[in-house]
Every structure is written in C-alpha cells, then in structure tokens.
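The values are calculated or read from the model by the stated rules, or taken from the named source; none is laboratory data. Just so it is clear, the structure is predicted and the values come from calculations on it, not from any experiment. No Cβ is skipped: glycine too gets one built from the backbone with ideal geometry, and neighbour counts run over all protein chains shown.
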Amino acid sequence: MSHSTRIRALALACALGAAAGTSFAGTVDVRYAPDAVFTDAGSSPLQREARLAALAKHLQGLGERLLPAGQALQVDLLNLDMAGNLRTGRRANDLRVVRDRADGPRIELRYTLSEQGQVLRSGQELVSDLNFRRLPSGYGGGEDDGLRYEKQALTQWFTQRFGPAP
C-alpha cells in the first residue's frame, strides 16, 4: 500500500469515525445565579461553586452522550438539597449523614430543549430519587463521589426526558 493510499484510508476511517460519533453530540448549557440561595449546596461559597460546577459538568456529559447533534438543552439550577444532612464537626471536614429515603437528593431546575432555534420541550421540575441508596451496578460515581446520589438522580431524569440509557 502506497503512502498516499494509507493517508486516504486513514482520512476515510477518521471521517467515518467522526460521523458515527456525531450522531449523539448535543450541547447542554447549565446556569445558576452566583448569589442564589441554595438549601444545601455546601457550607462555603467555594464548596457550593465546586458542587454546582460538578453537576453542570455531569449534565454536559449526558448531553454529549444522549442528545442528538443539533439539539441544545438550557438548564437553570434553581435549588439543590443534597442527600442526607450535614453535621458540622470540629475539624475542617464536615460529615454528611444519610439515614433513610426522606434524606434523598432534591434538585429544582428549569429547562428548555431546542433545535435550530425552535423549542421542542420546556418545563420546571423537582428532580428527586426516593431509591437513591440503591445505585445501579456499574454506576461510575463510586463511594468517593460526594455527589453520587445527586448525579444518579440527574442521570435518571435526563434519560427519562431526553433519551435512552448510555
């Protein structure tokens, strides 16, 4: 195989791979007011910002995997009440205690799904998960992810509203 034939074959493979990968490549834009009061998003402004940014990144990843190319989802995070209750300790680390189903995550949001400037769906919802302690096998958050319950609730909501499971 000549050098130019290899380059053409490689270019064709890249083009086919790119075309296959773009079938699901929608975008998600997540907003939250920097001065908004959240029920339970963190004990400091830095912690709150980090948690909201992590949830935004999670939603953006879901959009890349589940939304068809050309679709855009705008999400406004209105309130966050994380799973469990915060117990402030004497040390720098706080402890989050999760006892029962009533301690599940609650995320209030407003969304608009559009394509080429046309609104396909919009609404305001309270995302919660009463079975939050039963993470499905294969969930990648793991025990070390402090937002695992909130991410799982958002994944379930996103999948139910906008597409099949990844």
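Points worth noting:
- Members of the stretch 109-125 found to be within 12 Å of D29 (Cβ to Cβ) and loosely packed, with under 15 Cβ neighbours inside 10 Å, listed by number: none
- Pairs where the first residue, in the stretch 151-162, is aliphatic (A, V, I, L, M) and the second is assigned to a helix (DSSP H, G or I), C-beta under 9 Å, 6+ apart: L154/L55; L154/H58; L154/L59; L154/L62
- The stretch 49-62, residues that are without any contact (Cβ under 8 Å) to a residue 40 or more places away in the chain and not polar (S, T, N, Q): E49, A50, L52, A53, A56, K57, G61
- In the stretch 34-48, the residues that are farther than 17 Å from E108 by Cβ and without any contact (Cβ under 8 Å) to a residue 12 or more places away in the chain form Cβ pairs under 9 Å with partners that are surrounded by 18 or more Cβ atoms within 10 Å (Cβ to Cβ) and of a type in the set (G, A, S), at six or more places apart or across chains, as follows: Q47/A41.
- Among the residues of the stretch 122-161, those that are at pLDDT below 90 and either aromatic (F, W, Y) or touching an Asp or Glu at 6+ places or on another chain (Cβ under 6 Å) (or both) comprise F132, Y139, Y149.
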